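The next block holds one structure in the form of structure tokens; read it before the comments.
The values are calculated or read from the model by the stated rules, or taken from the named source; none is laboratory data. Just so it is clear, the structure is predicted and the values come from calculations on it, not from any experiment. Neighbour counts are summed over all protein chains in view; Cβ atoms, including those assigned to glycine, are modelled from backbone coordinates with ideal geometry. Heads up: the accessible areas ignore ligands, DNA and RNA and are worked out on the full protein's heavy atoms, side chains in. Shrake-Rupley method; radii C 1.70, N 1.55, O 1.52, S 1.80 Å.
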Amino acid sequence: MESDGNFHTLEYRDGALHLIDQRRLPGEESYIECRTEAEVADAIRTMVIRGAPAIGVAASYGMAIAAARSAEMSPSDQAAALDAAAEQLAATRPTAVNLFWAIKRFRAAARESGSTGKALAEELLELAHETHREDIAICRRIGDHGAALLPPGSSILTHCNAGALATAGYGTATGVIRSGFRDGKVSRVFVDETRPFLQGARLTAWELSRDDIPVVLITDNMAAYCMHLGRIGAVVVGADRVAANGDVANKIGTYGVAILAREHKIPFYVAAPLSTIDMDTPSGAGIPIEERSPEEVRRVGGELIAPEEVEVFNPAFDVTPAALVDGLITERGVVRLAEGESLSPLFEGSSAS
Ligand code: MRU
């Protein structure tokens with residue numbers, strides 16, 4: 001399966017899902033092996049793997065593994081095992097809708113398949129491989145649509161990691177950057193460090209450097225000044241869930257970057273596959289926002305940087321209103337929504353909803 005920068009975000013072989021351990025990057029490149037759906041769920045919960053599309057693909061393999069582990073059971077026990085796996089996977093992280101999209105896809109496939117036992121397990125494994133391959137192809141299409149928006153030599157600001165590590169490969173926002181760099185549209189990338197989990201500093205800077213794309217790392221509070229200095233030509237970020245009206249949930253801090261971009265008249269683009277669009281959620285107000293451990297804020301690299309007992313608020317995501325988004329870059333092209341419009345036309349003739 002494809003890699004970018006010579007690593008695999010996820011790879012299924014020898015009956016196990018192998019994941020690069022993203023918690024240890026950039027210091028250590030090590031892989032963990034998941035042989036059960038519980039291990040896949042644990043890897044998602046503990047951020048071994050993160051990023052909306054990557055979580056969706058991992059959950060797909062989780063469902064396939066559950067089908068294989070229950071292949072010798074009666075059809076009704078196998079169906080119950082798949083239900084339990086779906087529940088376990090769904091309970092890991094609440095915001096990225098690709099997780100629920102993947103679970104729904106696998107439940108429907110199991111229900112609609114005439115097969116049971118080993119044959120069903122084989123079908124679901126093939127569907128997981130297909131979901132994996134599809135995600136890479138979709139990211140490449142997003143990359144090319146996005147690159148076409150950029151003037152030559154653009155300097156891009158991105159937030160968090162929406163790269164090969166956050167997808168099955170190539171990336172969404174980082175896919176736009178990769179395609180843009182290839183086409184001479186991108187000259188350098190400013191990367192917000194992305195407190196508190198540091199996905200920008202630890203993951204995006206690592207990924208882009210491995211592809212020899214020029215990176216400038218800044219702390220989150222430097223973005224406004226970089227814009228003021230005229231160093232940023234466009235902002236490109238990913239998404240964890242896009243509501244039907246185009247509101248975008250993405251890594252905490254994205255909303256602030258969008259406001260800054262509008263103030264400085266810099267285009268703000270969101271790159272995301274159709275599987276990240278949640279047509280069942282009318283607006284951003286309905287998107288569940290994960291809150292994470294206070295320890296992520298109180299500490300940096302395990303080191304206490306605040307009073308041990310200080311109260312902390314640690315939302316992992318925020319919501320950027322559709323009005324601040326100058327273009328949603330999908331595998332089907334770029335959408336600009338006027339007020340009151342919906343993303344539903346994107347799904348015409350698609351099986352992705
Ligand atoms: O908490 P994370 O690291 O899973 O959050 C990831 C993001 O917010 C990404 O920007 C988003 O999932 C897009 S990934 C292509």
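A few comments on the model shown:
- Contact annotation: residue pairs with Cβ atoms under 8 Å, 6 or more positions apart or on different chains, pairing a residue in the stretch 32-53 that is assigned to a loop (DSSP other than H, G, I, E, B) with a partner that is more than 16 Å from the ligand (Cβ to nearest atom) and of a type in the set (Lys, Arg), are 36/69.
- The stretch 306-331 residues that are closer than 16 Å to residue 281 by Cβ, paired with ones that are modelled with pLDDT under 95 (beta carbon under 7 Å, 6 or more apart): 322/337
- 2 or more residues more than 24 Å from residue 342 (Cα to Cα) and within 15 Å of the ligand (Cβ to nearest atom): qualifying helices (runs of 4 or more DSSP H) within the stretch 162-269: 173-182, 205-210
Rundown of residues vs (1) within 11 Å of the ligand (Cβ to nearest atom); (2) among the aliphatic types (A, V, I, L, M); (3) modelled with pLDDT of 95 or more, yes/no style:
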| site | (1), (2), (3) |
| --- | --- |
| 40 | no, yes, yes |
| 73 | no, yes, yes |
| 88 | no, no, yes |
| 91 | no, yes, yes |
| 97 | yes, yes, yes |
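- Total residues in the stretch 9-31, condition touching a residue at least 24 places away in the same chain (Cβ under 8 Å) and open to solvent by 10 Å² or more (accessible area, probe 1.4 Å): 4
- Any hit, the stretch 77-95, residues being open to solvent by less than 20 Å² (accessible area, probe 1.4 Å), among the hydrophobic types (A, V, I, L, M, F, W, C), over 27 Å from residue 249 (Cβ atoms) and touching a Leu at 6+ places or on another chain (Cβ under 7 Å): no
- Residue in the stretch 115-125 that is open to solvent by less than 10 Å² (accessible area, probe 1.4 Å) and within 16 Å of the ligand (Cβ to nearest atom) present: no
- Of all residues in the stretch 47-92, those that are among the basic types (Lys, Arg) and over 17 Å from residue 165 (Cα atoms) total 1.
- Residue within the stretch 288-306 that is within 27 Å of residue 140 (Cα to Cα), open to solvent by 20 Å² or more (accessible area, probe 1.4 Å) and within 20 Å of the chain's Cα centre (by Cα) present: no
- Whichever residue in the stretch 245-263 is among the hydrophobic types (A, V, I, L, M, F, W, C) and closer than 18 Å to residue 291 by Cβ and, among such residues, is most open to solvent (accessible area, probe 1.4 Å): 252
- Filter pass, residue 312 being closer than 23 Å to residue 92 by Cα, among the hydrophobic types (A, V, I, L, M, F, W, C) and more than 20 Å from the chain's Cα centre (by Cα): yes
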